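These notes are about the structure you will find just below.
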Amino acid sequence: MSRVALITGGTKGIGEEICKAFKKKGYIVVATYAHNDDTAQKFKQETGIEVFKWDVANYDQCISGVTKVQEKLKKNIEILVNNAGITRDGMLHKSKFEDWQAVINTNLTSCYNMCRAVIGNMRENNFGRIISISSINGLKGQLGQTNYSAAKAGIIGFTKSLALESARKGITVNAIAPGYTNTEMVSKLDPEIIEAIKKQIPVQRLGEPKDIARTAVFLAADEASFITGETVSVNGGQYMQ
């Protein structure tokens, strides 16, 4: 029987490609989104993937949302991909506290919220895959991204600790740290900046969302059952740990 994979922020960008990749492999896929109803419905029509709306930064909404998904499917969520994220860039000395709070809550606290909602059933069933999307900037830092880099670095520590707690229950917990990827967010940068970024990447190109999606599918597979607590960099060699 097909396993259920839930991808947060799954209706566009990297999340959309992750959803499509999991569906192609035969998983039952569910995507969450927070804001754009039109985009979500278009995604649902084009892919046939169910969408659910809630704010991953809100603990109560995550608990109730996961319950609704499992009741509708009559199956527990077996694979969770924490992909939802936002940016609120700016130098720290000019930053607003509400921007810090929004980024930390959406990018990092959401991982707690979602994992807390699914971990009980995963432990009972002695199986689970949790994959969280970190970032190259969570590894190396980035000018003007103290909030984002802190959240993405926090995901890595969260991943290692939850992996230790979960290993004996057949649950693997890993992170993916994408480099600069050809998404809507990056495409908004000036072409000159994009070219400068490419020159910093040994493979001389931006990543594609499919590069990240393939990695997520691999980490969810039975063949990856001996990999846990790891952060897999997918950045074209731009930053090597």
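Tabulated results
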quantity: For region 135-241: span of alpha carbons on each principal axis (Å, largest first); calculated: 49, 28, 24
quantity: Local electrostatic count, Ala102, Cβ distance below 15 Å [Lys/Arg +1, Asp/Glu -1]; calculated: -1
quantity: Surrounding net charge for Ile171, when Lys and Arg each add one and Asp and Glu each subtract one, Cβ distance under 10 Å; calculated: +2
quantity: Under 15 Å, Cβ to Cβ, from Lys20 - net charge with Lys/Arg +1 and Asp/Glu -1; calculated: +2
quantity: Kirkwood hydrodynamic radius of region 1-93, from inverse mean 1/r over distinct Cα pairs, in Å; calculated: 13.6 Å
quantity: Loop sites in region 167-228: chymotrypsin sites (Phe, Trp or Tyr not before Pro), DSSP, at most 11 other Cβ within 10 Å; calculated: Phe226
quantity: In sequence order, calculated HN-Hα J values of region 166-178 (Karplus, 6.51, -1.76, 1.60; Hz; x Gly/Pro); calculated: 9, 4, 6, 9, x, 10, 9, 9, 9, 10, 10, 10, x
quantity: Proximal lysines to Lys210, defined as alpha-carbon separation beneath 16 angstrom and excluding residues fewer than eight positions away on the same chain; calculated: Lys12, Lys20, Lys23, Lys24, Lys25
quantity: The chain: calculated mean residue ellipticity at 222 nm from DSSP helix runs of at least 4, using -39500 (n - 2.57); calculated: -14500 deg cm²/dmol
quantity: Sorted by Cβ density within 10 Å, fewest first, the residues Phe43, Phe52; calculated: Phe52, Phe43
quantity: Percent of C-alpha pairs per 5 Å bin, region 4-234, short to long; calculated: 1, 7, 14, 19, 21, 17, 11, 6, 2, 1, 0
quantity: Degrees between helix 209-220 axis and first principal axis of the chain (Cα, 0 to 90, nearest 10); calculated: 40 degrees
quantity: Coil-residue trypsin sites (Lys or Arg not before Pro) of region 130-217, DSSP, other Cβ within 10 Å capped at 14; calculated: Lys188, Arg205
quantity: Exposure proxy ranking, count of Cβ atoms within 10 Å, fewest first, for Arg3, Arg116, Arg129; calculated: Arg116, Arg3, Arg129
quantity: Dmax and Rg, reported as Rg then Dmax, of region 16-151 (C-alpha, Å); calculated: 16.1, 50
quantity: Reachable aspartates and glutamates from Lys188, criterion Cα separation under 14 angstrom, eight or more residues apart if same chain; calculated: Asp89
quantity: Net charge dipole size for region 4-234 [Lys, Arg +1 and Asp, Glu -1 on Cβ; Debye, nearest 20]; calculated: 360 debye
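Only the coordinates and a few stated rules stand behind these numbers; no lab work does. Everything quoted here is computed from the prediction, not taken from an experiment. Virtual Cβ from ideal backbone geometry, glycine too; neighbours counted across all protein chains shown.
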